[in-house]
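The block underneath contains the structure these notes are about, expressed in structure tokens.
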Amino acid sequence: MAVRLVIGAQWGDEGKGKIIDYLANTSDFVVRYHGGNNAGHTIVNEYGKFAMHLIPSGIFRNNTKAIIANGTVIDLEVLLSEIKMLEKAGVKVKERLFVSPRCHIIMPYHKILDRIFEAAKGVGKTGTTGRGIGPVHADKVGYNGIRLFDLLNKKQFSKKLFVQLSIKNPILKAFGETPLDQKAIEHHLLSLLPKIKPFATETYPIIQEAVKKKKTIMLEGAQGVFLDNDWGTYPFATASTTLSGAATHGAGIAPQYITDIIAVAKAYATRVGAGPFPTELFDKTGKLLREKGGEYGATTGRPRRCGWFDAVGLRFGANLNGFTSLAITKLDILDGFGEIKICTGYILNGKSVEYYDIDAADLEKVKPTYETHKGWQTPTQGANKYSELPKEAKAYLARIEELVGVKIAYISTGQKRDEIIKV
Ligand code: GDP
Ligand code: IMO
Ligand code: MG
């Protein structure tokens, strides 16, 4: 038995989808437990290329069952279109996907509120994905949420929606938006329900039974450590907890069952949306990383900001989350670089500081200190043996291990499933 937790160690988009799809061949269950369709997990395998927003990335392996557990927030239309997309590609979804009725539903007003809150913040905006993620979580913790449970009970849903519209419509009106119509929302969401119903089931007993029977479970994190609502670069963060601890309440599994915490990190760094990014490059190297790495958002298509690997951040993340191993992705993107840098320290007002010493406003101002490594000219693209790597690449990876204090278990060298080295 193993319960492997896979989380992003940077600002999201580290290549979690790729690693999960690879590891899922030895997983009985793959579970999404937080975030929502702000996530975009890219998978390239024998079925084609996909960006998964809600359904766990392990669904492509016939041996797995996929669970969208209670901690996840759901846009029903996105879920249905994902099911359709998979079925069209020949992936069986029926009887393999289980969705917790405890999941909160992203309502039409959440997406509008996301947009108007961002507009009100002007230049200080977070740069959200616009999927209603902040507002749906605000309603969840403020006892105003509507869950799949409610939708499954027409009367209860109608009552709750009435209350919510009495709260939301005055806000929408104040921002010059057209108020929403109860009947229209009810009609639309209830028309989707028959297609959702076959997948809705309490996921707690499934996971408990899997633990009891010593099955192998993979818990699929979304976003990344530095988008965490507490420890990330708040308010340039996401609304859910992205840390390892989130998996226990978000999936309904006790922490002692988690055997591995695999942190996925790019061999460099990227961020999409606003907020501090100490190692960001504004020069031609940053542009080269973006173009070579195809660094455009899997959910929104926005260009990602690019920079060097930040070992200060990663070391903090390792201690905070208890990483047991690292999966380093996109090593191939650094092929052909003359020099590669690693950030080993932050300087603020002439003094050395750690990530946790300062808030987002000061993190914007830190000057990173770098050590420079010799690049490699022999391609690593597609390599699947450690021995195939050029010595400079091995030295670079060894230094990352040393600085972060965690061993590398996987090195990804391309988009495709088999372009990976198991160390
Ligand atoms: P996720 O959100 O963490 O799953 O990551 P995304 O899918 O948003 O972004 C990662 C991008 O990098 C996707 O386009 C992946 O196909 C791609 N990718 C993942 N691993 C590798 C790799 O080792 N090499 C290359 N070239 N691309 C990779
Ligand atoms: P995956 O799972 C990268 C970022 C947004 C924005 C901030 C808040 O694919 O790694 P939100 O819509 O969540 O309210 O936006 O968080 N963000 C992500 N960035 N990858 C993601 O997911 C992200 N999910 C949210 O860009 O800065
Ligand atoms: Mg992504």
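When S57 is tested against (1) surrounded by fewer than 24 Cβ atoms within 10 Å (Cβ to Cβ); (2) touching a residue at least 12 places away in the same chain (Cβ under 8 Å); (3) not aliphatic (A, V, I, L, M), only condition (1) is not met. Annotation note: of T42, T26, the sole residue that is open to solvent by 20 Å² or more (accessible area, probe 1.4 Å) and near ligand 1 (Cβ under 8 Å from one of its atoms) is T42. Once segment 150-168 is narrowed to residues that are over 31 Å from the mean Cα position of the chain (by Cα) and in contact (Cβ under 8 Å) with a residue 24 or more places away in the chain, the residue that is nearest to K111 (Cα to Cα) is S158.
Taken over segment 253-295, the criterion of being farther than 24 Å from I408 by Cβ and within 15 Å of the chain's Cα centre (by Cα) is satisfied by V272, G273. For segment 372-400, filtering for residues that are open to solvent by 20 Å² or more (accessible area, probe 1.4 Å) and over 11 Å from I340 (Cβ atoms) leaves 13. Here segment 262-292 is the region considered, the condition is being of a type in the set (G, A, S) and open to solvent by 10 Å² or more (accessible area, probe 1.4 Å), and the residue that is farthest from ligand 3 (Cβ to nearest atom) is A274. Within segment 13-24, residues that are part of a helix (DSSP H, G or I) reach partners that are more than 9 Å from ligand 1 (Cβ to nearest atom) and polar (S, T, N, Q) with beta carbons closer than 7 Å, at six or more positions or on different chains, in the pairs D21/N45; A24/T64. Here segment 1-12 is the region considered, the condition is being touching a Lys or Arg at 6+ places or on another chain (Cβ under 6 Å) and either open to solvent by 10 Å² or more (accessible area, probe 1.4 Å) or assigned to a helix (DSSP H, G or I) (or both), and the residue that is nearest to ligand 3 (Cβ to nearest atom) is W11. Within segment 367-385, the presence of a residue that is in a helix (DSSP H, G or I) and at pLDDT 95 or above is excluded. The C-beta contact set for segment 247-269 (first residue in contact (Cβ under 8 Å) with a residue 24 or more places away in the chain and among the β-branched types (V, I, T), second residue part of a loop (DSSP other than H, G, I, E, B) and within 12 Å of ligand 1 (Cβ to nearest atom), distance under 9 angstrom, 6+ apart or interchain) comprises V264/A9; V264/Q10; V264/E14; V264/G15; V264/G221; V264/G224. Restricting attention to segment 290-302, which residues are over 23 Å from E371 (Cβ atoms) and either touching a residue at least 24 places away in the same chain (Cβ under 8 Å) or within 10 Å of ligand 1 (Cβ to nearest atom) (or both)? Of everything in segment 290-302, those that are over 23 Å from E371 (Cβ atoms) and either touching a residue at least 24 places away in the same chain (Cβ under 8 Å) or within 10 Å of ligand 1 (Cβ to nearest atom) (or both) turn out to be G294, E295, Y296, G297, A298, T299, T300, R302. Would you mention how many residues in segment 235-262 are under 21 Å from I74 (Cα atoms) and out of contact with any helix residue (DSSP H, G or I) (no Cβ under 9 Å at 6 or more places or on another chain)? Looking only at that region, the number is 3.
Apart from one condition, L219 fits all of (1) part of a strand (DSSP E or B); (2) open to solvent by 60 Å² or more (accessible area, probe 1.4 Å); the exception is (2). If you check N169 against the conditions, is it assigned to a loop (DSSP other than H, G, I, E, B) and of a type outside the set (K, R)? In short, no.
The values are calculated or read from the model by the stated rules, or taken from the named source; none is laboratory data. Just so you know, these numbers come straight off a predicted model, no measurement behind them. All Cβ positions, even for glycine, are placed from backbone atoms using ideal geometry, and neighbour counts span all protein chains on display. These accessible areas exclude ligands, DNA and RNA; they are computed on the full protein's heavy atoms, side chains included. Shrake-Rupley method; radii C 1.70, N 1.55, O 1.52, S 1.80 Å.
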